[in-house]
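Down below is the structure, laid out as structure tokens.
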Amino acid sequence: MKNIITLTLILTVLISFFGCRKDDAVDDSNNNSNIFYAAVNKEFVLISNVDSLQASNDTISEHVDSIISGLLNEQIISTGLKSFDLNSDNVVDVHFEIIDLNLFNNGNLPSYLDSMAARVGPVNIQVLDNSTYGYPDALDENTAIKETGNWSHNISVIGTFMNAGKFNGHGEKYLAIRLVNNTAFNYGWVKLYCSEHNDTLRIIEYAYNKVTGSEIKAGQKN
């Protein structure tokens, strides 16, 4: 009986935890175009304060497992991996998530530093990272995306403390990607918004050129 009451309380606390999960990806591409385009409009928010969690009014959290595991009185450490199949082949191409860096620093981060970090995890893609330090380029609209540059398949940071990431606090920017297609690549982009303090990540839309090896411009939809 006690366990049932505890679980009920946990579920009550978790009612509308994080994030607006909006529409699923919608293919808006022109079938006669070489460009595949899809709108996503998903927003993920990491709430690290239990009081804020209890007061929130979002949809039920996907993080029930973390609370049940005893994290109710701790910081919520991750939104979990948000996976996307960009080319509809039933294979995950990329993950996004927000994490709390206190988890990796024994809670010793100075209070004046933002403890959140937004990350992208390539699975069947690579991301353009000319920093070579795991901070992908945040492109402006109409920037050409092609073979030129340093492409990485490593987990990369979109935004973190001390503005080390290139996306946080800069409004809507474009992440350059290339999908692995056998021994070739399809070049594309994902439009992202990362908040100044890295606690909100919005995946807005994406597109890629269906012709392998061909460039695409950031924001190009047809």
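The values are calculated or read from the model by the stated rules, or taken from the named source; none is laboratory data. The model shown is predicted, which means the values in this text are computed figures rather than measured ones. Reconstructed Cβ throughout: ideal geometry from the backbone, glycine too, with neighbour counts over all protein chains shown.
Please list, ordered by first then second residue, the pairs with beta carbon atoms under 7 Å, 6 or more apart or interchain, first in the range 163-185 and more than 17 Å from GLY121 (Cα to Cα), second of a type in the set (Lys, Arg). As it stands, the answer is GLU172/LYS191; PHE185/ARG178, since those pairs meet every condition given.
The sole residue among ASP140, ASP114 that is acidic (Asp, Glu) and modelled with pLDDT under 95 is ASP114.
Please count how many residues of the range 196-216 are farther than 16 Å from ASN87 by Cβ and crowded, with 19+ Cβ neighbours inside 10 Å.
So the count comes out to 5.
Filtering the range 58-97 to residues that are in contact with a strand residue (DSSP E or B) (Cβ under 6 Å, 6 or more places away or on another chain), among the β-branched types (Val, Ile, Thr) and either modelled with pLDDT of 95 or more or within 30 Å of ASN182 (Cβ to Cβ) (or both) leaves VAL92, VAL94. Every condition in (1) in contact with a Cys (Cβ under 8 Å, 6 or more places away or on another chain); (2) surrounded by fewer than 24 Cβ atoms within 10 Å (Cβ to Cβ) is met by ALA164 except one, and the failing one is (1).
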